[in-house]
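The values are calculated or read from the model by the stated rules, or taken from the named source; none is laboratory data. What you see is a predicted model; the values in this text were computed from it and never measured. No Cβ is skipped: glycine too gets one built from the backbone with ideal geometry, and neighbour counts run over all protein chains shown.
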There are 2 protein chains.
Amino acid sequence: MGCLAVVAGSFAQQALGQRPKVKSPVINDDGSVTFNLYAPATQQVSVTGDFEEIHAVTLPMTKGADGVWTVTTPPLNPELYSYSLTVDGQRFIDPGNSYVNRDISTLSNIFIVSKDTDDKGHLYQVNDVPHGTLSRVWYDSPTLGQQRRMTVYLPAAYDGTRRFPVLYLLHGHGGDETAWGDLGRTSQIMDNLIAEGKAVPMIVVMPNGNPTCNAAPGWWHEGMYTPDGNAFNERGAKATMEESFMDIVGFVDSHYQTIPEREARAVSGLSMGGGHTFGISRLYPETFDYYGLMSAAARMKPGDADFEGQMARLFASKPKLYWIAIGKEDFLMDMNNQLRSYLNAKGYPYEYYENDGGHIWRNWRIYLTMFAQRLFRDL
Amino acid sequence: MGCLAVVAGSFAQQALGQRPKVKSPVINDDGSVTFNLYAPATQQVSVTGDFEEIHAVTLPMTKGADGVWTVTTPPLNPELYSYSLTVDGQRFIDPGNSYVNRDISTLSNIFIVSKDTDDKGHLYQVNDVPHGTLSRVWYDSPTLGQQRRMTVYLPAAYDGTRRFPVLYLLHGHGGDETAWGDLGRTSQIMDNLIAEGKAVPMIVVMPNGNPTCNAAPGWWHEGMYTPDGNAFNERGAKATMEESFMDIVGFVDSHYQTIPEREARAVSGLSMGGGHTFGISRLYPETFDYYGLMSAAARMKPGDADFEGQMARLFASKPKLYWIAIGKEDFLMDMNNQLRSYLNAKGYPYEYYENDGGHIWRNWRIYLTMFAQRLFRDL
């Protein structure tokens, strides 16, 4: 191995010796963003990101005489953006940027554009406000026969003496207990909303919603595996997420200073987690007072006696808020239209929010921001 | 932007269409590891990692007819390894591997080789044992006039009723409150040692040791900056880490079920954190019973009356363990030799451990494993 090392090492040294100082990304004063990559021997470099906020955009980069490829976006709106570089056809993380999010098994770089203290960029960044605690907690699920991992946000005011309401926040298919904290910026959004008096201080519980996995990839005894999107469903579980959900509520009420009452409990989720929320709302109709279905995979069984009875009991219990949110381009729009038609026909009250875009984290951060401000106002 | 997007998008599509399925890294049955990268247009690819455990090794990769560059290492010993790819002279993360560690502002891929349940690889991986809780906690430091972030490991047995001893574990220069948890695998090591009965269940507190930073990069209100190694020292702090340290101990004793006694407190750190440990041992001589100086930047002032008095008081208090560990090739070996000569001359008792290698995380994980097993045995 030593001989091989010398050969390649001298190559690397030469390349390093010629290297100009490169910073990437550079967020310019007008909100435009410049990407830079030193890659003199490369034929083609581009950057792909959600710079139009809704759709991915690919921008070719051009090579300067110093071997640095560069491109500058138009001014961007305040937002958390994700991107990667494509170098001669292969997708890479920008080596100039150590800030990354993991979505299932894909890493993407992130950056935030903020122009004012009342914009989304400001809401998603860490500001000089009191910060809550973010914990990775293991709990016992008797229903699933597993030790399982979840993420718990405790508000800055939590000190073990005062009791707080709880929002249960559920991820989508292929996600895990880290998704809402990382991609969803939950602790930043909650810290900022609470500091501004826009949300009531609350505990946020973000469990793992895949009953065949104990935890996120790499954080349980399956090792550092690379999940494909389907691995979660193929192995069979002892129960569904919905059936096992009260294990989580029981653990949280017994281990944290919660207000263990219906009016102090909310549950919300995105996509598959929206489907879980839909199921939880029917299985435990007097346990939660607030429901948030975000881009929800909400599968109904109209005409089925059990389903109809569950829905009747749920709405007879008069939950304070049944909130449905989805983007105009979401591939689950038809399913959500069917749900709304059903609720309308039955006269079951709900609120509806529709915005641009599809099945993307940009929307779920917006929905969390909106939903969190509606919760526990009368406690 | 739309027009540019179409041009590069079609290029990316073509490349994707030709792409073979590539998995990287592949850990083979004999412990050798194969790296693969699809990069048909690239001229030179290599992988650089700590495959000889102590020194970085660079292995050139060779391109197959399918455009996939590949190389296989010799069989590797059980260990947590770090690596990156060099593609035409530019360092990149392996796009096949979403497991990364951040060290200051550099990301590296990681993987673990384990051959048996009693090897280091097994100790560093997540096994099917009871897991502790890992939390990012904000505390108030009156001495530094800051809200500051630290990482707290609570053992699986922690349930709010029983009290536990505390190990304070300090990072090095340029590190932060995430370093011991991520690069040091603290929660995995502690979970596994405790499950095997090799360590007493204990709380581990990993504070941020840079008094000019409230938290790790990206986790406080300075935004997503890229630190250079010196940024921490250039801005001036209200006090040193050592002077502010009892703010941390006070917070931990008031917010967790600790045993708030000397015999239930240990402090240890690596490099700069070893220097902090050295300072803390002198400033608060009857607060801790166990000290671990790992590759320590332990600056003495022999002949200085204050220093001599501090050292005399410290050893007059008879700490249960004063442990010094360093690798043969560590650039701080001279400083540690001087410290040991001083202790020998004074007759101050300590224990010494020396192993191969230098100033690297491989050694600090070993030292944590050794030190943790020595603590709190008589509680």
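Take the residues in segment B:22-31 that are in a loop (DSSP other than H, G, I, E, B) and within 11 Å of chain A (Cβ to nearest Cβ); name whichever of them is surrounded by the most Cβ atoms within 10 Å (Cβ to Cβ). Looking at residues that are in a loop (DSSP other than H, G, I, E, B) and within 11 Å of chain A (Cβ to nearest Cβ), I get B:25. Restricting to segment A:105-124, and then to whatever is surrounded by fewer than 19 Cβ atoms within 10 Å (Cβ to Cβ) and touching a residue at least 40 places away in the same chain (Cβ under 8 Å), can you tell me which residue is farthest from the chain's Cα centre (by Cα)? Only one residue tops the list, namely A:115. Restricting attention to segment B:242-261, does a residue exist that is surrounded by fewer than 17 Cβ atoms within 10 Å (Cβ to Cβ), closer than 17 Å to residue B:214 by Cα, in contact with a Ser or Thr (Cβ under 8 Å, 6 or more places away or on another chain) and among the charged types (D, E, K, R)? Yes, the conditions are met somewhere in segment B:242-261. Of everything listed in (1) surrounded by fewer than 21 Cβ atoms within 10 Å (Cβ to Cβ); (2) farther than 24 Å from residue A:39 by Cα; (3) facing chain A (nearest Cβ under 8 Å), the single unmet condition for residue B:72 is (3). The residue that is farthest from residue A:214 (Cα to Cα), among those in segment B:115-129 that are of a type in the set (S, T, N, Q) and within 9 Å of chain A (Cβ to nearest Cβ), is B:125.
Within segment A:209-227, if we keep just the residues that are touching a residue at least 60 places away in the same chain (Cβ under 8 Å) and within 13 Å of chain B (Cβ to nearest Cβ), the residue that is farthest from residue B:112 (Cα to Cα) turns out to be A:214. In the set A:308, A:329, A:263, only one residue is in contact (Cβ under 8 Å) with a residue 60 or more places away in the chain, assigned to a helix (DSSP H, G or I) and of a type in the set (Asp, Glu); that residue is A:263.
Taken over segment A:154-171, the residue count meeting the criterion of being surrounded by fewer than 24 Cβ atoms within 10 Å (Cβ to Cβ), under 21 Å from residue A:280 (Cβ atoms) and out of contact with any Pro (no Cβ under 8 Å at 6 or more places or on another chain) is 1.
Do we have any residue at all in segment A:348-361 that's hydroxyl-bearing (Ser, Thr, Tyr), closer than 29 Å to residue A:50 by Cβ and without any contact (Cβ under 8 Å) to a residue 60 or more places away in the chain? Within segment A:348-361, one or more residues are hydroxyl-bearing (Ser, Thr, Tyr), closer than 29 Å to residue A:50 by Cβ and without any contact (Cβ under 8 Å) to a residue 60 or more places away in the chain. Consider segment B:275-305 and keep the residues that are part of a helix (DSSP H, G or I) and among the polar types (S, T, N, Q). The one that is surrounded by the most Cβ atoms within 10 Å (Cβ to Cβ) is B:277. Filtering B:334, B:378 for residues that are farther than 17 Å from residue B:242 by Cβ, loosely packed, with under 13 Cβ neighbours inside 10 Å and modelled with pLDDT under 95 leaves a single hit, B:378.
Of all residues in segment A:83-103, exactly one satisfies the criterion of being of a type in the set (S, T, N, Q), in contact with a helix residue (DSSP H, G or I) (Cβ under 6 Å, 6 or more places away or on another chain) and within 7 Å of chain B (Cβ to nearest Cβ), namely A:86. Being in a loop (DSSP other than H, G, I, E, B), surrounded by 14 or more Cβ atoms within 10 Å (Cβ to Cβ) and more than 28 Å from the chain's Cα centre (by Cα) is the filter here, so list the residues in segment B:337-351 that pass it. The one that is in a loop (DSSP other than H, G, I, E, B), surrounded by 14 or more Cβ atoms within 10 Å (Cβ to Cβ) and more than 28 Å from the chain's Cα centre (by Cα): B:348.
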